[in-house]
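Step one of this worksheet: look at the structure below.
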Amino acid sequence: ERARLGQLLFLAGFRQANALGVFFGVKVVLAIALPVLWWGMSRALPTLTSTQVVFLAGCAAFLGLILPNQWLEKRVERRQKRLRDAFPDALDLLVICVEAGLGLAAAIERVALELKYSHPDLAQELAVVNVEMRAGVDRETALQGLNTRTGLPEIRGLVGLLVQTLRFGTGIADTLRVYAAEFRDARTQQAEERAAKIGTKLIFPLIFCEFPAFFAVAIGPAALRIIDIFNR
């Protein structure tokens, strides 16, 4: 559990050394505070039995333990969505910078500056990569760190491609151009797949929302006239 929560905190952007301890502290505080709060509120409900009060206090303590986990998972999902939405723009800018003659480190620095306001999460991660490279960290290690901090399959593919390019000495511009084209094709296929599923997803709203209203409008007047005829 500690390893899983530590990984989630890392992906959520909490990189402090005491992040895990603070998170567990919040869980303990909520697990104690919520039952105490409920215990105080239960005095205004004299109809509840002592067994019901104790049971609901236990439920409040359980909520205090699981709510921080749910919040953390949602935060990771939102951050990864922001990173995923920013990745196509970053990839296009990276291709343009490399094709213009910039090296990999200079291209990453330029992309981080360009995305600083529109996509700050990805810009921060790219800036960390650039700082590590300037500090003397091996480029492969710095790129693998980007993969670890984001946890996105798109960035994992890009990092793997760049690492292979650096190892074998092939052209980075050609590699990025090919990956950008493949990435656009993959996004197009995903969009087509989601569009193909729309018809199936619309079945239930049509059955439970539109069809009852349609039958009420189309058959309702005739049904009312038949009932009126039989009443006569």
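The values are calculated or read from the model by the stated rules, or taken from the named source; none is laboratory data. Everything numeric in this text was worked out from a predicted model, so none of it was measured. Virtual Cβ from ideal backbone geometry, glycine too; neighbours counted across all protein chains shown. Just the protein is used for accessible areas: all its heavy atoms, side chains included, with ligands, DNA and RNA removed. Shrake-Rupley method; radii C 1.70, N 1.55, O 1.52, S 1.80 Å.
I need the fraction of alpha carbon pairs in region 64-136 separated by more than 22 Å, rounded to a whole percent.
Details: 883 of 2628 pairs.
Value for region 64-136: 34 percent of Cα pairs lie more than 22 Å apart.
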Where Rh is the Kirkwood radius over Cα pairs, Rg/Rh for region 14-99: 1.33
Residue-normalised accessible area of the chain, given per residue in Å² at a 1.4 Å probe: 65
In Hz, Karplus ³J(HN,Hα) per residue of region 168-177 (6.51, -1.76, 1.60; θ = phi - 60°; x = Gly, Pro): 9, x, 7, x, 5, 4, 5, 4, 5, 5
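Which value in deg cm²/dmol, rounded to the nearest 500, describes the helix-derived mean residue ellipticity at 222 nm for the chain, given -39,500 (n - 2.57) per DSSP H run of n ≥ 4 and division by the residue count? Don't jump to the answer; show the numbers that get you there.
Details: 10 runs with 189 residues, N = 232.
Rounded to the nearest 500, it is -28000 deg cm²/dmol.
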Label-to-label distance, nm, for residues given as Asp174 and Thr188 (7 Å Cα→Cβ offset): 2.3
In sequence order, calculated HN-Hα J values of region 96-101 (Karplus, 6.51, -1.76, 1.60; Hz; x Gly/Pro): 4, 5, 5, 5, 7, x
Loop trypsin sites (Lys or Arg not before Pro), region 26-130, which have at most 10 other Cβ atoms in a 10 Å radius of their Cβ (DSSP): Arg43
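Could you give the alpha-carbon Rg of the chain over 2.2 N^0.38 Å, rounded to two decimals?
Numbers: Rg = 28.0 Å, N = 232, 2.2 N^0.38 = 17.4 Å.
That works out to 1.60 for the chain.
Counting Lys and Arg as +1 and Asp and Glu as -1, each charge on the Cβ, what is the dipole of region 82-232 about the Cα centre in debye, to the nearest 20?
Numbers: 17 positive and 19 negative charges, 106 e Å.
Using Cβ point charges on Lys, Arg, Asp and Glu, region 82-232 gives about 500 debye.
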Computed accessible area, Ile198, all protein chains, 1.4 angstrom probe, square angstrom: 90
Principal-axis tilt of helix 104-114 within the chain, Cα atoms, nearest 10 degrees: 40
Sulfur and carbon atoms: percent of accessible area, the chain [1.4 Å]: 65
Highest-fluctuation residue, Leu72, Leu45, Leu162 considered, GNM on the chain with Cα pairs under 10 Å: Leu45
Environment charge of Trp71, counting only residues whose C-beta is closer than 13 Å and scoring Lys/Arg +1, Asp/Glu -1: +3
Residue of Ile207, Ile155, Ile108 that the Gaussian network model of the chain assigns the largest fluctuation, springs spanning Cα pairs under 10 Å: Ile207
With 5 Å bins from 0: P(r) over region 153-232, alpha-carbon pairs, percent: 3, 11, 12, 10, 8, 7, 7, 6, 6, 5, 5, 5, 4, 4, 3, 2, 2, 1, 0
Residue among Asn130, Asn69, Asn18 with the largest mean-square fluctuation in a Gaussian network model of the chain, springs linking Cα atoms under 10 Å: Asn18
For region 121-128, 3J(HN,Hα) per residue [Karplus equation, 6.51 cos²θ - 1.76 cosθ + 1.60, θ = phi - 60°, Hz, x = Gly/Pro]: 5, 5, 4, 5, 5, 5, 5, 5
Distance from region 207-222 to region 73-100 (C-alpha centre basis), Å: 47
